[in-house]
Amino acid sequence: MFSKGICLSVVCEEDIDADKVYDAFVSYSSEDEDWITDFFVPGLETSTPPYKLCLHNRDWPAGEFITDQIVKSVESSRRTIIVLTDNYLKSVWSRLEFDIAYQQGLKDQVRRVLVVVPNEVPDLSHIDPKFKTFITLTTYIQANKPHFWSKLLASMPRTINTRNKQSTTRRSVFLNFDVSQHLHRDDLTTSRL
C-alpha cells in the first residue's frame, strides 16, 4: 500500500515522531544556564500539559562524545529549541546543535527548530550567512514580549497524552477502511516491491 501511495495521506508528524523520547531538546549556551534552569525549563515542564525536555547538563550520560550526544538528542526529540543569545552565537557546540536539528527537519520534512530569544535579538551581522538567513527568515519568540508562553506552547508539539487520545480515533478510522473496495483481488495477492 505504501509503494502505491495509498497510505501516504495518513502519515503525519505524530506518526513520524511516535518513537521520540522528548518533546524538545533545548539548545543553549552554558553561559545562559541560569535563565534556562530558573525560568524556561520550569515554565515548560510544569505547564499544562507538561513537556519532557532534553537538557545537556541533566540528560546526557557522562563519557560519551559530545557530537554523538547532540545527534542522539536531536533525533530523539520532536523539536529543538534554540535559545538565541550572544553567548549562543559564540559557541561552536551550539552551532553544531543547530546544524544537526536543521538537517533533521529537512530529512523529516517537519519544522523541527524553534527559536526563543530571552531578551533582545543579538547582533547577527558577524555570523555565518546560512545561519543568519535561517534566523532572519524564522519567526522567533521573545521572552520579554507579551504572550510569550502562549506563543511558545502553540509552537510546541502535542504531548504524549494528547497524541494518544487523538491517534486512537485516527486508527479506528483507518482500520475501518475496506481495502477490498479500492483494489482488485489480484492486487491484494501480489508481492510487495
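Data table
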item	result
Per residue accessible area of segment 9-113, 1.4 Å probe, in Å²	50 Å²
Net length gained if the chain between residue 138 and residue 65 were fully extended (0.36 nm per residue, minus Cα distance)	23.3 nm
Protection proxy ranking of 70-81, 126-137 - average other beta-carbon atoms within 10 Å, highest first	70-81, 126-137
Gyration tensor (Cα) of segment 35-89, equivalent ellipsoid semi-axes in angstrom	20, 15, 11
FRET efficiency estimate (nearest 0.05) - Cβ-Cβ, residue 46 to residue 128, R0 35 angstrom	0.50
As computed over segment 8-155, the Cα convex hull volume per residue (Å³)	126 Å³
Carbon + sulfur, % of accessible area of segment 88-129 - ligands and nucleic acids excluded, 1.4 Å	54 percent
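The values are calculated or read from the model by the stated rules, or taken from the named source; none is laboratory data. Quick caveat: nothing in here was measured; it's all calculated off a predicted structure. Note that we place each Cβ from the backbone using ideal geometry, even for glycine, and neighbour counts take in every protein chain shown. Each accessible area value is taken on the protein alone, full model and side chains, heavy atoms only, with ligands, DNA and RNA left out. Shrake-Rupley method; radii C 1.70, N 1.55, O 1.52, S 1.80 Å.
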